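Inspection log for the structure reproduced underneath, given as structure tokens.
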Amino acid sequence: MTINKEKTVINFKKANSLTAKIVEMIQQDNYCIDIMQQNLAVIGLLRSAHEMLMENHLNSCFKNAMASKNEKKKQAMTEEILKVTKLFNK
């Protein structure tokens, strides 16, 4: 596993752990602002993990597709990137 993938996995594990903490905080009627701060931390971790996944994809799968002579593969890969980018920006 590359360092980038390891960091991505770590971010997902941290986000998972924090999400469980948020559920407990809600069940314990903790202060709303404290819960929202933890939620923002999870969002930050997930955004960071997404960016790392995208970087890895662009440097591997996408790069290989663009180097090929298969125009359908290139077009499909470009459409996938655009779709994921649009979803990320919603």
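Read the figures in this text as sums done on the coordinates, not as results from a lab. This one's a predicted model, so the numbers in the text were calculated from it and none came from an experiment. When we count neighbours, we look across all protein chains shown, and the Cβ atoms used for this are built from the backbone with ideal geometry, even at glycine.
Annotations
Each row is one residue, and each column tells you yes or no for (1) over 26 Å from residue 89 (Cα atoms); (2) within 16 Å of the chain's Cα centre (by Cα); (3) β-branched (Val, Ile, Thr).
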site	(1), (2), (3)
4	no, yes, no
8	no, yes, yes
11	no, yes, no
14	no, yes, no
18	no, yes, no
29	yes, no, no
36	no, no, no
39	no, yes, no
44	no, yes, no
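- Taking residues in region 63-90 that are in contact (Cβ under 8 Å) with a residue 12 or more places away in the chain, and partners anywhere that are among the basic types (Lys, Arg), the pairs with Cβ atoms closer than 9 Å and at least 6 places apart or on different chains are 65/73; 65/74; 88/47.
- Residues within region 42-75 that are under 30 Å from residue 22 (Cβ atoms) and among the small types (Gly, Ala, Ser), tallied: 3
- Listed by position, the helices (runs of 4 or more DSSP H) inside the chain whose residues that are touching a Ser or Thr at 6+ places or on another chain (Cβ under 8 Å), exposed (fewer than 13 other Cβ atoms within 10 Å of the Cβ) and among the β-branched types (Val, Ile, Thr) number at least 3 form an empty set.
- The C-beta contact set for region 18-45 (first residue over 22 Å from residue 7 (Cβ atoms), second residue part of a loop (DSSP other than H, G, I, E, B) and of a type in the set (Lys, Arg), distance under 8 angstrom, 6+ apart or interchain) is empty.
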